[in-house]
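Below is one structure, written out as structure tokens, with a few remarks after it.
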Amino acid sequence: MEIPAQDAAHMARAVELAGRGHGTTSPNPVVGCVVLDAGGQVVGEGFHAYAGGPHAEVVALAQVGERARGGTAYVTLEPCDHTGRTGPCSQALLAAGVARVVIAVPDPNPKAAGGAARLRAHGVSVTSGVLAAEAERVNEEWLTYARLERSHVTWKFAATLDGRSAAEDGTSQWITSPEARADVHRLRAAADAIVAGIGTVLADDPHLTARPTPPAGPAGAGAGGRKPLRVVVDARARTPQGARVLDDSAPTLVAIAEDTDTELKADLLRLPSDGRGLDLEALLKELAARDVVSVFLEGGPTLAGEFLRRGLVDRVVAYVAPALLGSGRAALGAAGVGTIGEIHRLTFDEISLIGPDVRLIARPATQPGREQ
Ligand code: AOF
Ligand code: ZN
């Protein structure tokens, strides 16, 4: 599609605005909006900050009054056409007298979709698909969750340059720098759940907590005091009652096999299992049903391999230290690759220096949650 330069520039700004809601809008999407007057001047900007708060379009329109009449609105997600926690944005745009609406991505949520059709029916010119790839990227967690009805998974690992995350004797602290570890805390805090396998819980006794993010909305709303749910994948309920992950610093769910008998005092989630362990897709669907849009998968290598084998890793964040081990535990366990044709191909998205380490962000070359 040939996109006028002005459209691309205003939508790029809307995508940037959408990104400001990252980590605080769950279970709602991140959305950005820019409003121009009839003369093409920017008169309003907005983004969605927290679930239950005003939608991006409403935030932007609140700044413009009569100046939107005959103007254009750029929105990263199709305007909603429903009354949920707030009123329909399609109606708000019509009431403001906007003549044209430019949309990046259609809304996959059947309850809210239909805004584009309503606007068209009322004579508004609607253009869709502008900067769709960028708008998909900024909202990828929510789009995966809405389209596949499962949580989006980011698998994070830290390793040496030769891909190892522990030495031969099992020691692993600290391969990466304090800067990289602080960055991990930031990413953890933006996730709705932090998932680890029983192997990691038994070996490292981690807390799996994140330093809280600052509140996004009014007191008590949005991310204020938000704590990611901790999830232990533990088919046979081997989590020790005294494990740190069961302390009261955040809620915890222990996922066990349906047929496991246990005395463990914890919030248990019983799941079907197959020869390879728990049904991880069922886990992600259960988590989505509990409003977990995004999962931060922290290990260990065995669990990460199982997620990957089942096609359930949507994004990989790797912290690579300029160090070599030569022996010891690999960052990733068996992942269903028996021969080179079965290799998990990724594409790099972002490469950055974090202190002395490199952070690589990659994703599967083909991704189930994205429209190809
Ligand atoms: C948002 N923010 O800026 C837009 C959304 O529960 P509600 O009423 O807030 O509605 C949420 C749905 O509205 C959401 O799933 C999405 O389909 C649509 N658009 N949502 O939270 C926004 N534009
Ligand atoms: Zn809306």
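Identify, from the list Ala99, Ala95, the residue that is open to solvent by less than 50 Å² (accessible area, probe 1.4 Å), away from ligand 1 (no atom under 13 Å from the Cβ) and not assigned by TED's automatic domain parsing to the domain that holds Leu187. Unique residue meeting the criteria: Ala99. Listed by first and then second residue, the pairs linking a residue in segment 128-142 that is closer than 9 Å to Ala104 by Cβ to a residue that is open to solvent by less than 30 Å² (accessible area, probe 1.4 Å) and of a type in the set (S, T, N, Q), with Cβ atoms under 6 Å apart and 6 or more places separating them unless they lie on different chains, are Ala135/Thr76. Counting only residues that are under 22 Å from His10 (Cα atoms) and either within 8 Å of ligand 1 (Cβ to nearest atom) or in a loop (DSSP other than H, G, I, E, B) (or both), segment 77-91 holds 5 of them. Using the structure shown, decide if Asp183 is surrounded by fewer than 21 Cβ atoms within 10 Å (Cβ to Cβ) and outside the structural domain of Ala92 (by TED's automatic domain parsing). Yes, satisfied. Every condition in (1) within 10 Å of ligand 1 (Cβ to nearest atom); (2) in contact with a Leu (Cβ under 8 Å, 6 or more places away or on another chain) holds for Val126 except the one numbered (1). The residue that is nearest to ligand 2 (Cβ to nearest atom), counting only those in segment 37-53 that are open to solvent by 10 Å² or more (accessible area, probe 1.4 Å) and free of Cβ contacts under 8 Å to residues at least 60 places away in the same chain, is Phe47. When Gly311 is tested against (1) in contact with a helix residue (DSSP H, G or I) (Cβ under 8 Å, 6 or more places away or on another chain); (2) free of Cβ contacts under 8 Å to residues at least 60 places away in the same chain, just one condition goes unmet, and that condition is (1).
May I ask you to list the residues in segment 62-86 that are among the hydrophobic types (A, V, I, L, M, F, W, C) and over 23 Å from the mean Cα position of the chain (by Cα)? Across segment 62-86, the qualifying residues are Ala62, Val64, Ala68, Ala73. All of (1) open to solvent by less than 20 Å² (accessible area, probe 1.4 Å); (2) away from ligand 2 (no atom under 11 Å from the Cβ) hold for Ala56 with one exception: (2). The combined condition, being in a loop (DSSP other than H, G, I, E, B), farther than 28 Å from Leu187 by Cβ and over 22 Å from the mean Cα position of the chain (by Cα), is fulfilled by Gly40. On inspection, Ser90 qualifies as near ligand 2 (Cβ under 9 Å from one of its atoms) and of a type in the set (Gly, Ala, Ser).
Taken over segment 51-76, the residue count meeting the criterion of being more than 9 Å from ligand 1 (Cβ to nearest atom) and not hydroxyl-bearing (Ser, Thr, Tyr) is 13. Residues in segment 74-87 that are in contact (Cβ under 8 Å) with a residue 12 or more places away in the chain, more than 9 Å from ligand 2 (Cβ to nearest atom) and more than 14 Å from Val124 (Cβ to Cβ): Thr76, Arg85.
Of the candidates Ala133, Ala121, the single residue that is assigned by TED's automatic domain parsing to the domain that holds Leu36, within 27 Å of Leu187 (Cα to Cα), more than 10 Å from ligand 1 (Cβ to nearest atom) and open to solvent by 40 Å² or more (accessible area, probe 1.4 Å) is Ala133.
Give me the residue from segment 258-280 that is hydroxyl-bearing (Ser, Thr, Tyr) and more than 19 Å from Arg150 (Cα to Cα) and, out of that set, least open to solvent (accessible area, probe 1.4 Å). Step through it out loud before you land on a result.
Step one: filter segment 258-280 for residues hydroxyl-bearing (Ser, Thr, Tyr), giving 260, 262, 273.
From the residues that got through so far, the ones that are more than 19 Å from Arg150 (Cα to Cα) too are 260, 262.
On the way: Thr260: 14, Thr262: 42 Å².
Result: Thr260.
Among the residues of segment 294-311, not one is surrounded by fewer than 23 Cβ atoms within 10 Å (Cβ to Cβ), within 21 Å of Leu269 (Cα to Cα) and among the aliphatic types (A, V, I, L, M). As a summary of the residue check, Gly115 satisfies the conditions (1) within 14 Å of ligand 2 (Cβ to nearest atom); (2) in contact (Cβ under 8 Å) with a residue 40 or more places away in the chain except for the one numbered (2). Here is a list of conditions, (1) within 15 Å of ligand 2 (Cβ to nearest atom); (2) not in a loop (DSSP other than H, G, I, E, B), and Pro110 meets all of them except one; can you say which number that is? The failed condition is (2).
The values are calculated or read from the model by the stated rules, or taken from the named source; none is laboratory data. Since this is a predicted model, take the numbers as computed values, not measurements. Using ideal geometry, Cβ is built from the backbone for each residue, glycine included, and neighbour counts are taken over all protein chains shown. We work out accessible area using only protein heavy atoms, side chains counted, and drop any ligands, DNA or RNA first. Shrake-Rupley method; radii C 1.70, N 1.55, O 1.52, S 1.80 Å.
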